[in-house]
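Okay, so here's the structure we're looking at.
The values are calculated or read from the model by the stated rules, or taken from the named source; none is laboratory data. These numbers come from a predicted model, not from an experiment. So basically every Cβ, Gly included, is an ideal-geometry build from the backbone, and we count neighbours across all protein chains shown.
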Amino acid sequence: MSGEFKFLNVVTASESDAIAHDTLALAAVSNLGSDISPEAAAAYALGFTAGRDKATLQATTETIAIAVKASSGNPRAKSLGLAREAFFYNLLASKLKGANVPACYYAEGSLETGEMLLLLECCTNAVPSGVFFGPGNPNNWAIKDSVQDMCKGNPGAEEVTSHAFELYANLHATYWKDSALLDLPWLRASEWMKGDGQASWKAAQEMSSAGWAKIKAAIENGTSAVQWDPHLVACLDASYGKVDFEAYTTRMKASPFTLVHGDAHPHNALWANQRTEQAELRLIDFEMVGLGPPGQELGQHIISHMAPTVRRRCENQLVKDYHSELSKLLAGRGMADEAAAYTFDVCWDEYVAGGVGRWAWFIPFFFGVPPMAQFFQDQLAAFLHDHVKDPATTPMPRV
């Protein structure tokens, strides 16, 4: 029967690692058309109550590989709302073929419990694109002795970033200023943009600002294991001093918004079919999907991984290419006026402000791991020296 299939193997993530992208496990799925339904599979894997009819697989004798992403529900997944990824695949992903989002065969999630089960197209012969940024990135430290071999025959940091920005342009153009998204409360920032949910916005900001206060105390008493750049400290002091919900909503109403990945960095994209003519980049991990200004994804992506020496050489062209692709796609959707209004200068300013704002919010969360905190401090400090000369102009942190 169409839409029914049998698991030969299901691997679910433990509570301790459920939110990491490397918890994706391959499960062989065969005998499509058996008497095990998707609903029963979900119930088996997570204890959900079966009851939703979602049939997307066709009966066949072919054996295919499925990426299984699952969370049995844990406090962090619940508090961060990570189960929203299931809602994304059920309601929005089908329009994002141009963004190379994996096909979804089944998705179930609960924001109340944090439980989630995704059965996704397996991106074969794939490696996280973040690997191509070299062994110095914290995400690659565990495989530093293998990185050089993994990079052979694959694109470098600049080329794979160009591919990523093209996919972001498709993602952003598809849902550009789509007001219907504001009525999806599971999307991050959808309530905030309407002026609602002020308490949760403040809680998120206070969580980061409390971390920054601890960092400042460690700097002042000489106990910080991280060497903090004075210009970065001045910029972040100014940034946290600007936290204000009304100012946030005013800025958002004055800026174009769209669907954003929300956790835009190179390890949230897979380079699939590597070292073949069919090689391509695939966007994954939409746990933080939400609404926001498009340009901030570019800044977040580059600061997270790209060495400052490489960034300085190519960032202008990368943002120009993104802007050109976005403009073309918007015009193709009959939104030429929107494309004309979103000039390169607007895009560039958002690239800088958005990247700084996102990383201003992130930095305190790495303080407990000094080597990692030092890496990202250095990344953001270099970006600030290049693009924010006056600390007083630093934007507020972006949740």
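Screening the range 63-161 for helices (runs of 4 or more DSSP H) wholly inside it with 3 or more residues that are of a type in the set (A, V, I, L, M, F, W, C) and more than 18 Å from the chain's Cα centre (by Cα) returns the ranges 147-151. Here the range 230-261 is the region considered, the condition is being of a type in the set (G, A, S) and either at pLDDT below 95 or under 27 Å from P135 (Cβ atoms) (or both), and the residue that is surrounded by the most Cβ atoms within 10 Å (Cβ to Cβ) is S255. Candidates A189, A173: the one that is assigned by TED's automatic domain parsing to the domain that holds D337, within 21 Å of A86 (Cα to Cα) and small (G, A, S) is A189. Within the range 108-148, the set of residues being among the small types (G, A, S), crowded, with 22+ Cβ neighbours inside 10 Å and at negative phi comprises G109, S129, G130. Residue-level analysis places P294 among those that are in the same structural domain as S190 (by TED's automatic domain parsing) and under 16 Å from Y168 (Cβ atoms).
For the range 90-108, the tally of residues that are at pLDDT 90 or above, closer than 27 Å to N74 by Cβ and not β-branched (V, I, T) stands at 5. Screening G334 on (1) free of Cβ contacts under 8 Å to residues at least 60 places away in the same chain; (2) within 23 Å of the chain's Cα centre (by Cα) shows it passes everything except condition (2). Only residues that are surrounded by 21 or more Cβ atoms within 10 Å (Cβ to Cβ) and within 22 Å of T174 (Cα to Cα) were counted across the range 73-91, and they come to 6.
Would you confirm, using the coordinates I've provided, whether A213 is exposed (fewer than 15 other Cβ atoms within 10 Å of the Cβ), within 17 Å of P397 (Cβ to Cβ), touching a helix residue (DSSP H, G or I) at 6+ places or on another chain (Cβ under 9 Å) and small (G, A, S)? The answer is yes for A213.
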